[in-house]
1. So, with +1 on the Cβ of K and R and -1 on the Cβ of D and E, and no other charges, what is the size of the charge dipole of segment 180-240 about its Cα centre, to the nearest 20 debye?
2. With a 10 Å radius around each residue's Cβ, average the other Cβ atoms per peptide and rank 215-224, 139-148, highest first.
3. Taking the Cβ of residue 188 as the center, what net charge do the other residues with Cβ under 13 Å away carry, scoring Lys and Arg +1 and Asp and Glu -1?
4. If R₀ is 51 angstrom, what is the calculated FRET efficiency for the pair residue 315 and residue 113, using the beta carbon separation as r and rounding to 0.05?
5. Which of 95, 269 has the fewest other C-beta atoms within 10 Å, and how do the rest follow up to the most?
6. Any of 232/263; 247/445; 10/363; 232/445; 202/232; 308/434 with alpha carbons more than 28 Å apart? Name them for me.
7. For the chain, find the longest principal axis of its Cα atoms and tell me its angle to the long axis of helix 314-334, 0 to 90°, nearest 10.
8. What is the Cα coordinate range of the chain on the first, second and third principal axes, sorted by size from largest, in whole angstrom?
Amino acid sequence: MFISTLDLFKIGIGPSSSHTMGPMVAAKNFRDLLEKFVSSNVVSDFLHVRCTLRGSLAFTGKGHATDRAVTLGMYRHTPQALAKVDVNTLFQELWQQSSFRTDNDRLIHFNPVEDIIFDRGDPLPEHPNGMIFQLLDGTGKTLLSETYFSIGGGFISTIAEIGQIVAPLKIEPAQSCGFPFESANQMMKMSFDSKYSVSLMKRSNEQERMSELELNQGLDAIWDAMRTCLEKGLITEGRLPGGLNIKRRAVALYQQLQNQPDKANMNDWLCAYAMAVNEENAAGHMVVTAPTNGAAGVIPAVIYYLVKHEGITLEQVRDFLLVAGAIGGLIKHNSSISGAEVGCQGEVGSASAMAAAGICAVKGGSTGQIENAAEIALEHHLGMTCDPVGSLVQVPCIERNGFGAIKAYTAASLAIRGDGQHFMSLDNCIAAMKQTGLEMSVKYKETSLGGLAVSVTEC
């Protein structure tokens, strides 16, 4: 099994990897299919595009800006290309349009207000984040159709692809890399047999597809985007969009810590850093999927703390990302990182496990200790629901990232003080997360139909 670290960590925009980035990629993909279809077929004068959102995308798509994402994608924009663009201004321009022209100058009618449909009926059976795109003629006949699923972390799958894979993800076969571990137990055995660390095995796999320079540049770009996002969040004041009128808190907390560093502890710093990232995500600004947008603050907060307070080097940051990528790949391959599939245990829980493994690695932990650290962090997120208030990635999501970072550091510290031997394996913990997610009510899987989302008392 091979999932590239450079695919798992993707630079894009908020507020959601599954509800914003994924639908944007899907819409861009359909636009590309539409271009090919129109250029190679005789079609009627009137052509019309419709997008129907199903499942979690329908229930919480408004709060997650899914309609905005579909619109941007239909005009061929991608999350990464928009990372440093004034998206709000661009979107307002596109939202006013009622049509676009293809490369061969065919007029395609597309009015986002009318043609993006939030269907709150039953979700599609293959996945809770479904989207159906259609190209229609003047009689309403469907000329071209494609169904996509946003499967977490900005990844998408078509309906033809999703049935061919175990945990929905485009992955390369095990034979395609030198260390093809598909489980934590395999990872540990390969490390023991080869005398390679987790970071070295992951680096070796990556460098079968790219040069060392390309890999390092990719890892550095990820860290640079994480750091830029975090530092912007530490200086930006105001209130978050969406209607809850939530005040940004990271900047005030950070100022307090700077003014009274003798009264600040590690937990304070980690919360400030994590909240800074997730406030930027909630604002729709540049963020890195780590492994999702909803959990984007955990890993950057931990790395930033290690750099600023413990002086780790750039090479250690690269090792951290490689180890975190290895653990995240195992979780995504064997379970899920999608809140709509398994709840927040798959988002913040996965991020915390990845961060714990990374901390353990840069502090000199063995492969067994790294596996143990990831297991401890994930174990203590099992059962965590995804019930965002107002369908927004704000409450409880922003604070939750701070606690995920704290748990990661604690898990790593506990694992490093042990010998790597422990009762519960990471593989069993990942399996438990998957089963828990399957049995979790749909009310608690990013639909805002239960939990905190419906527990807000009107004053």
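Quick note: the coordinates plus some simple rules give every number you see, no bench work behind them. Quick caveat: nothing in here was measured; it's all calculated off a predicted structure. Glycine gets a Cβ as well: all are built from the backbone with ideal geometry, and neighbour counts include every protein chain shown.
1. Working: 8 positive and 10 negative charges, 42 e Å.
Magnitude of the dipole: close to 200 debye.
2. Numbers: 215-224: 18.0, 139-148: 14.7.
Going from most to least packed, we get 215-224, 139-148.
3. Details: positive: 189, 195; negative: 182, 193, 371, 375, 427.
Local net charge: -3.
4. Details: r = 50 Å, r/R0 = 0.99.
Working from the Cβ atoms, E equals 0.50.
5. Numbers: 95 14, 269 21.
Ranked by crowding around the Cβ, least crowded first: 95, 269.
6. Details: 232/263 24 Å; 247/445 26 Å; 10/363 25 Å; 232/445 30 Å; 202/232 31 Å; 308/434 36 Å.
Pairs exceeding 28 Å: 232/445; 202/232; 308/434.
7. Around 60 degrees separate the two axes.
8. In descending order, the Cα extents are 70, 56, 43 Å.
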